[in-house]
Amino acid sequence: MEYKLLKAQREFLEIPHNYTLDVAVYQGGYGSGKTFAGSLLGILLCMKFPGIRGLVGAQTYTLVRDTTLQTYLEHLDNMNFQEGVDYEWSSTLQKLVFRNTSEILFRHFDEPNKLKSLNLGFVEIEEMSDIPYETFKMLLGRMRQQPKKEWKNFTYRIFGHTNPEPQKGWIYKTFMQNPAPNYRLITAPTTQNIYLPEGFCEELKKIYDEQYYKIFVLAQNGEYNTGLVIKDFTEENIKEINYQNDCDLHISCDFNVDPMCWVLAHKTEEKVFYFDEIVLENTTTAKACEEFCRRYPNHKGAIIVNGDASGDNRSCTSEYTNYVIIKKKLLQYGYDADIKIKAFNPPIKNRIAAFNSKIRNANGEVCLYVDRKCEKLLYNIYNLKYKEGTSRIDIPAYTQIKQNKELKFLSHPIDAASYLVDFYWPITL
Ligand SMILES: Nc1ncnc2c1ncn2[C@@H]1O[C@H](COP(=O)(O)OP(=O)(O)OP(=O)(O)O)[C@@H](O)[C@H]1O
Ligand SMILES: [Mg+2]
């Protein structure tokens, strides 16, 4: 049986560069031919590079078994491959082995540590937006099967498919915002799949609201800021900000132990410029000071410390308050820092309102800028949301953080940054 590929599928299968690793994601609407294209590519790699070892995975095993594996078997059938002759499927090993010794393992990514000892030639990821960035990074480190001499033009391949993320996550960041030359994102609206039953998209149009249809059928990036805590932050708020060693430098602190989040800023009468952040896991206030001094050893201007007012309470592990620790520690490096904090913290909603109004006020003026170096602060700006239908901020629970480590960086960096704004430009609601 001969296939005629959709335009997006062809783009996905063809590599337009000469790097040793090719990473591609097929971002498509429902039924846009994602699984079809992924499994076809997996089989073609097995044919082209005899002895290659591939891994096909999804966050849950049911998805791999019921969807991806089925599509592999359908392709093999369409190609007139016979089980027992051209390939073997072992359900105990969850492995497809071809006559030419190529093999594909079918796995879930629920316990990524179990995949650590593999050496692979390719990886296919089903519903990529479901898997955490940590898992993706771990898979990158598994691309190290020794290529065989007879393999011509071999390239390690990681390919996946996904619906567009409803909020800017790691796929957006990795493939759209700042893609490396060997990273490609191919967009495939469902409407372009000519193999779907007639009227399929019209039916979807009837049941989904406009926004949902746009994201999950037309595969367009969504209205990402619905429900976001930080409003109206655009490219205009992102700026390359040069640290000035003779200007006043503000350190604004949130004293969580893991992670400790401080942002560093310059400010003028009306504007604030965040030029760096110190985000450290499992640390202490003193260590964060050391990191600051390591990065900025020759500051000539004043150093002003802003931050969480409750950081002035003694913690149970120290007889000094966090601010006393900072003061003492910075003195050791020759810095006489000025501590400027409120007597007590205002309600969070006031602090957030103050931060939002600096981002863009009602007259459209922008007074808050962030350098791309402040990676975790930007992550918070793009991802921190309210709990659906409430005005409570959706702070990740411990169990969610356990599943996806990146979530632990949500909420503290924005707290750190907004203490400063709230100190100088408070809003009372
Ligand atoms: N090039 C093609 N030739 C023939 N049929 C195709 C082709 N591409 C996709 N199809 C068919 O279109 C339908 C949808 O494709 P597929 O299941 O791959 O989409 P999907 O994007 O993975 O869908 P979902 O969002 O449900 O995961 C399937 O029946 C598939 O066989
Ligand atoms: Mg699919």
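The values are calculated or read from the model by the stated rules, or taken from the named source; none is laboratory data. As the structure is a computational prediction, the values presented were derived from the model and not from experiment. Here the Cβ positions follow ideal geometry from the backbone for every residue, glycine too, while neighbour counts run over all protein chains shown.
Of everything in segment 277-294 that's surrounded by fewer than 20 Cβ atoms within 10 Å (Cβ to Cβ) and touching an Asp or Glu at 6+ places or on another chain (Cβ under 7 Å), which residue is farthest from LYS376 (Cα to Cα)?
Per the criteria, the residue is ASN282.
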Matching residues in segment 33-88 - criterion: being aromatic (Phe, Trp, Tyr), under 30 Å from the mean Cα position of the chain (by Cα) and farther than 24 Å from LEU6 by Cα: TYR61
Residues that are assigned to a loop (DSSP other than H, G, I, E, B) and of a type in the set (A, V, I, L, M, F, W, C), drawn from segment 1-54: MET1, LEU5, LEU6, ILE15, PHE49, ILE52
Qualifying residue in segment 181-203 (condition: within 29 Å of THR20 (Cα to Cα), surrounded by fewer than 17 Cβ atoms within 10 Å (Cβ to Cβ) and either in contact (Cβ under 8 Å) with a residue 12 or more places away in the chain or among the small types (Gly, Ala, Ser) (or both)): yes
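Name every residue in segment 402-412 that is without any contact (Cβ under 8 Å) to a residue 24 or more places away in the chain and either of a type in the set (S, T, N, Q) or surrounded by fewer than 16 Cβ atoms within 10 Å (Cβ to Cβ) (or both), in order of residue number.
LYS402
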Count of segment 54-105 residues which are among the hydrophobic types (A, V, I, L, M, F, W, C), more than 16 Å from ligand 1 (Cβ to nearest atom) and within 18 Å of LEU139 (Cβ to Cβ): 3
Checking MET47 against (1) within 16 Å of ligand 1 (Cβ to nearest atom); (2) free of Cβ contacts under 8 Å to residues at least 60 places away in the same chain; (3) surrounded by fewer than 20 Cβ atoms within 10 Å (Cβ to Cβ), the condition it does not meet: (1)
Pairs, first touching a residue at least 24 places away in the same chain (Cβ under 8 Å) in segment 286-298, second of a type in the set (Ser, Thr, Tyr) and part of a loop (DSSP other than H, G, I, E, B), C-beta under 6 Å, six or more apart: CYS293/TYR333
Pairs, first aromatic (Phe, Trp, Tyr) in segment 323-350, second assigned to a strand (DSSP E or B), C-beta under 9 Å, six or more apart: TYR323/CYS253; TYR323/VAL305; TYR323/GLY307; TYR323/ILE339; TYR335/ILE303
Pairs with Cβ under 8 Å, 6+ apart, first in segment 52-77 and more than 18 Å from SER90 (Cβ to Cβ) and away from ligand 2 (no atom under 13 Å from the Cβ), second charged (D, E, K, R) and not in a helix (DSSP H, G or I): GLN59/ASP110; GLN59/GLU127; THR60/ASP110
Unmet criterion (only one of (1) acidic (Asp, Glu); (2) at pLDDT 95 or above; (3) within 14 Å of ligand 1 (Cβ to nearest atom)) for ASP22: (3)
Yes/no for ASN221 being assigned to a loop (DSSP other than H, G, I, E, B), of a type in the set (S, T, N, Q) and at pLDDT 95 or above: no
For GLY84: the one exception among (1) on the phi > 0 side of the Ramachandran plot; (2) in contact (Cβ under 8 Å) with a residue 40 or more places away in the chain: (2)
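A quick yes/no check of all residues on (1) within 19 Å of LYS340 (Cβ to Cβ); (2) more than 20 Å from the chain's Cα centre (by Cα); (3) of a type outside the set (Phe, Trp, Tyr); (4) surrounded by fewer than 20 Cβ atoms within 10 Å (Cβ to Cβ):
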{"site": "GLY227", "(1), (2), (3), (4)": "no, no, yes, yes"}
{"site": "LYS231", "(1), (2), (3), (4)": "no, no, yes, yes"}
{"site": "LYS239", "(1), (2), (3), (4)": "no, yes, yes, yes"}
{"site": "VAL257", "(1), (2), (3), (4)": "no, yes, yes, yes"}
{"site": "GLU270", "(1), (2), (3), (4)": "yes, yes, yes, yes"}
